[in-house]
Amino acid sequence: MIHLRKWKTLASNMIIDHHWCKVRQDKIELPNGQVIDDYFISIKPDIALILPITNQQKIIFVRQYRHAIGEFFLELPAGSFNPTKESAETAAIRELREETGYTAQNLQKIGTLYDKPSKDTNQIHLFLAENAVKVGEQNLDITEEIEIVLIPIKSVLDKIAQGEISVAGTVAALFLGLNFLKQG
(Lines give C-alpha, C1' and ligand atoms only; values in the text may rest on other atoms or scores of the structure.)
Protein backbone atom coordinates (compact mmCIF):
# COMPACT_ATOMS: atom_id res chain seq x y z
CA MET A 1 0.00 0.00 0.00
CA ILE A 2 1.29 3.45 -0.91
CA HIS A 3 1.49 6.08 1.81
CA LEU A 4 0.10 9.21 0.13
CA ARG A 5 1.49 12.58 1.18
CA LYS A 6 0.28 16.12 0.61
CA TRP A 7 2.28 18.65 -1.37
CA LYS A 8 4.07 21.45 0.49
CA THR A 9 3.40 25.05 -0.46
CA LEU A 10 6.70 26.91 -0.38
CA ALA A 11 5.37 30.26 -1.64
CA SER A 12 2.15 31.78 -3.00
CA ASN A 13 1.65 34.85 -5.13
CA MET A 14 -1.71 36.23 -6.29
CA ILE A 15 -1.01 37.06 -9.94
CA ILE A 16 -4.55 38.10 -10.89
CA ASP A 17 -6.75 39.62 -8.20
CA HIS A 18 -9.81 40.93 -10.02
CA HIS A 19 -13.41 40.73 -8.82
CA TRP A 20 -14.29 38.27 -11.62
CA CYS A 21 -11.00 36.37 -11.82
CA LYS A 22 -8.47 35.40 -9.16
CA VAL A 23 -5.41 33.31 -9.99
CA ARG A 24 -2.73 32.27 -7.53
CA GLN A 25 0.72 30.96 -8.49
CA ASP A 26 2.14 28.50 -5.97
CA LYS A 27 5.66 27.20 -5.65
CA ILE A 28 5.25 23.65 -4.40
CA GLU A 29 7.38 20.77 -3.28
CA LEU A 30 6.16 17.33 -4.27
CA PRO A 31 6.50 14.37 -1.87
CA ASN A 32 9.46 13.15 -3.97
CA GLY A 33 11.30 16.44 -3.29
CA GLN A 34 10.87 17.92 -6.77
CA VAL A 35 9.95 21.63 -6.76
CA ILE A 36 7.45 23.15 -9.19
CA ASP A 37 7.46 26.94 -9.18
CA ASP A 38 4.51 27.62 -11.49
CA TYR A 39 1.47 25.72 -10.24
CA PHE A 40 -1.55 27.91 -11.03
CA ILE A 41 -4.77 27.79 -9.02
CA SER A 42 -8.03 29.51 -9.90
CA ILE A 43 -9.72 30.95 -6.79
CA LYS A 44 -13.43 30.63 -7.51
CA PRO A 45 -16.59 31.29 -5.49
CA ASP A 46 -18.83 28.43 -4.44
CA ILE A 47 -21.83 27.58 -6.62
CA ALA A 48 -25.42 26.81 -5.60
CA LEU A 49 -27.08 24.62 -8.24
CA ILE A 50 -30.78 23.78 -8.10
CA LEU A 51 -32.78 20.90 -9.57
CA PRO A 52 -36.30 22.41 -9.57
CA ILE A 53 -39.27 20.17 -10.30
CA THR A 54 -42.84 21.38 -10.82
CA ASN A 55 -45.99 19.64 -9.60
CA GLN A 56 -46.45 18.49 -13.22
CA GLN A 57 -43.16 16.52 -12.94
CA LYS A 58 -41.25 18.86 -15.24
CA ILE A 59 -37.72 20.03 -14.55
CA ILE A 60 -37.04 23.73 -14.94
CA PHE A 61 -33.94 24.34 -17.07
CA VAL A 62 -32.34 27.52 -18.31
CA ARG A 63 -30.82 27.90 -21.77
CA GLN A 64 -28.11 30.50 -22.03
CA TYR A 65 -25.03 31.48 -24.01
CA ARG A 66 -21.66 30.51 -22.55
CA HIS A 67 -18.95 32.70 -24.04
CA ALA A 68 -15.90 30.53 -23.23
CA ILE A 69 -17.30 27.79 -25.50
CA GLY A 70 -19.26 30.14 -27.78
CA GLU A 71 -22.43 28.05 -27.64
CA PHE A 72 -25.84 27.87 -25.93
CA PHE A 73 -26.27 25.33 -23.13
CA LEU A 74 -29.23 23.78 -21.38
CA GLU A 75 -28.48 23.86 -17.63
CA LEU A 76 -30.09 23.84 -14.25
CA PRO A 77 -30.37 27.24 -12.52
CA ALA A 78 -27.20 28.08 -10.58
CA GLY A 79 -25.12 30.93 -9.35
CA SER A 80 -22.08 31.85 -7.34
CA PHE A 81 -22.06 33.00 -3.75
CA ASN A 82 -19.70 33.83 -0.92
CA PRO A 83 -20.17 31.30 1.91
CA THR A 84 -18.98 33.84 4.49
CA LYS A 85 -21.89 36.14 3.57
CA GLU A 86 -24.69 33.77 2.53
CA SER A 87 -25.60 30.12 3.06
CA ALA A 88 -25.70 27.74 0.10
CA GLU A 89 -29.43 27.23 0.68
CA THR A 90 -30.15 30.98 0.64
CA ALA A 91 -28.10 31.34 -2.54
CA ALA A 92 -29.99 28.45 -4.16
CA ILE A 93 -33.38 30.02 -3.41
CA ARG A 94 -32.15 33.43 -4.63
CA GLU A 95 -30.71 32.04 -7.87
CA LEU A 96 -33.83 29.99 -8.66
CA ARG A 97 -35.99 33.08 -8.20
CA GLU A 98 -33.69 35.44 -10.15
CA GLU A 99 -33.04 33.15 -13.12
CA THR A 100 -36.48 31.59 -13.54
CA GLY A 101 -39.11 33.50 -11.55
CA TYR A 102 -39.87 30.24 -9.71
CA THR A 103 -39.57 29.37 -6.05
CA ALA A 104 -40.02 26.23 -3.99
CA GLN A 105 -40.81 25.75 -0.32
CA ASN A 106 -39.23 22.29 -0.11
CA LEU A 107 -35.47 22.54 -0.70
CA GLN A 108 -33.20 19.59 0.13
CA LYS A 109 -29.43 19.40 -0.20
CA ILE A 110 -28.50 16.36 -2.28
CA GLY A 111 -24.74 16.75 -2.45
CA THR A 112 -21.59 18.83 -2.53
CA LEU A 113 -19.14 18.34 -5.37
CA TYR A 114 -15.77 19.69 -6.44
CA ASP A 115 -15.72 20.78 -10.07
CA LYS A 116 -11.98 20.59 -10.77
CA PRO A 117 -10.02 20.12 -7.53
CA SER A 118 -6.66 19.97 -9.31
CA LYS A 119 -6.88 23.64 -10.32
CA ASP A 120 -10.05 25.24 -8.82
CA THR A 121 -10.92 25.96 -5.20
CA ASN A 122 -14.72 26.01 -5.28
CA GLN A 123 -17.47 23.62 -4.28
CA ILE A 124 -20.80 23.06 -6.03
CA HIS A 125 -23.72 22.70 -3.61
CA LEU A 126 -26.58 20.73 -5.17
CA PHE A 127 -30.21 21.15 -4.12
CA LEU A 128 -33.46 19.46 -5.05
CA ALA A 129 -36.43 21.85 -5.12
CA GLU A 130 -39.73 20.00 -5.38
CA ASN A 131 -43.12 21.59 -6.09
CA ALA A 132 -41.55 24.63 -7.76
CA VAL A 133 -44.07 27.32 -8.69
CA LYS A 134 -43.84 30.45 -10.79
CA VAL A 135 -44.15 33.53 -8.56
CA GLY A 136 -42.88 36.32 -10.78
CA GLU A 137 -40.61 37.40 -13.57
CA GLN A 138 -36.90 36.80 -13.97
CA ASN A 139 -34.49 39.29 -12.39
CA LEU A 140 -31.40 38.78 -14.52
CA ASP A 141 -27.87 40.10 -14.21
CA ILE A 142 -26.45 42.25 -17.03
CA THR A 143 -24.60 39.24 -18.51
CA GLU A 144 -27.65 36.98 -18.44
CA GLU A 145 -30.15 36.38 -21.21
CA ILE A 146 -31.98 33.22 -20.19
CA GLU A 147 -34.71 31.16 -21.79
CA ILE A 148 -36.70 29.00 -19.37
CA VAL A 149 -37.24 25.45 -20.65
CA LEU A 150 -39.51 22.91 -18.93
CA ILE A 151 -38.64 19.28 -19.67
CA PRO A 152 -40.60 16.24 -18.43
CA ILE A 153 -38.54 14.13 -15.99
CA LYS A 154 -38.98 11.06 -18.20
CA SER A 155 -37.19 12.81 -21.12
CA VAL A 156 -34.10 14.00 -19.25
CA LEU A 157 -31.92 10.88 -19.49
CA ASP A 158 -32.44 10.74 -23.26
CA LYS A 159 -31.42 14.40 -23.56
CA ILE A 160 -28.22 13.67 -21.63
CA ALA A 161 -27.48 10.63 -23.84
CA GLN A 162 -28.08 12.74 -26.97
CA GLY A 163 -25.75 15.50 -25.75
CA GLU A 164 -28.49 18.12 -25.40
CA ILE A 165 -27.66 18.39 -21.69
CA SER A 166 -23.89 18.34 -21.30
CA VAL A 167 -22.76 20.63 -18.47
CA ALA A 168 -21.05 18.51 -15.79
CA GLY A 169 -22.67 20.05 -12.69
CA THR A 170 -26.12 19.83 -14.26
CA VAL A 171 -25.63 16.20 -15.28
CA ALA A 172 -24.35 15.28 -11.80
CA ALA A 173 -27.28 17.04 -10.10
CA LEU A 174 -29.76 15.28 -12.38
CA PHE A 175 -28.37 11.83 -11.66
CA LEU A 176 -28.13 12.47 -7.92
CA GLY A 177 -31.56 14.12 -7.75
CA LEU A 178 -33.37 11.51 -9.82
CA ASN A 179 -31.76 8.75 -7.77
CA PHE A 180 -32.79 10.55 -4.56
CA LEU A 181 -36.40 10.74 -5.79
CA LYS A 182 -36.36 7.07 -6.77
CA GLN A 183 -35.13 6.09 -3.30
CA GLY A 184 -37.71 8.23 -1.51
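The values are calculated or read from the model by the stated rules, or taken from the named source; none is laboratory data. Quick caveat: nothing in here was measured; it's all calculated off a predicted structure. Every residue, glycine among them, receives a Cβ derived from its backbone with ideal geometry; neighbour counts consider all protein chains shown. Calculation scope for accessible area: heavy atoms of the full protein, side chains included, ligands and nucleic acids excluded. Shrake-Rupley method; radii C 1.70, N 1.55, O 1.52, S 1.80 Å.
Only beta bridges with both residues in the chain are counted; by DSSP, about 85 percent of them are antiparallel.
Rg and Dmax, both from the Cα atoms of the chain and both in Å, are 18.9, 59. In the elastic network of the chain, a GNM with C-alpha springs shorter than 10 Å, the most mobile of 27, 119, 134 is 27. Residue-normalised convex hull volume from the C-alpha trace of the stretch 43-131: 103 Å³ per residue.
Converting phi to 3J(HN,Hα) with the Karplus coefficients 6.51, -1.76 and 1.60 and the offset θ = phi - 60°, the stretch 79-88 yields x, 7, 7, 9, x, 7, 10, 7, 6, 4 Hz in sequence order, with x at every glycine or proline.
Averaged over residues, the count of other Cβ atoms within 10 Å places the peptides 52-61, 120-129 in the sequence 120-129, 52-61, highest first.
Within the listed set 106, 13, 82, the Gaussian network model of the chain (springs between alpha-carbon atoms below 10 Å) gives the highest mean-square fluctuation for 13.
The accessible surface of the chain, taken with every protein chain in place and a 1.4 Å probe, is 53 percent carbon and sulfur. Which net charge results when you count Lys and Arg as +1 and Asp and Glu as -1 among the other residues whose beta-carbon is under 15 Å from that of residue 166? With Lys, Arg at +1 and Asp, Glu at -1, the neighbours total -2.
Beyond 17 Å, what percent of the Cα pairs of the stretch 89-163 remain? Percent of Cα pairs beyond 17 Å in the stretch 89-163: 60.
Over the stretch 72-184, accessible surface divided per residue gives 56 Å², non-protein components excluded, 1.4 Å probe. Rounded to the nearest 10 degrees, the inclination of helix 168-183 to the longest alpha-carbon principal axis of the chain is 60 degrees. Among the lysines of the chain, pairs that are 8 or more positions apart or on different chains and have alpha carbons within less than 16 Å of each other number 17. Take the stretch 9-51 with all the other protein chains still there, run a 1.4 Å probe, and you get 62 Å² of accessible area per residue.
Ignoring everything except DSSP H segments at least 4 long, calculate the 222 nm mean residue ellipticity for the chain; use -39,500 (n - 2.57) per segment, divide by total residues, nearest 500.
On the way: 3 runs with 38 residues, N = 184.
Computed mean residue ellipticity for the chain: -6500 deg cm²/dmol.
The average projected area of the stretch 60-111, computed from the convex hull of its Cα atoms over all directions, is 4.5 nm². Under a Gaussian network description of the chain, with springs only between Cα atoms under 10 Å, the residue in 152, 45, 31 that fluctuates furthest is 31.
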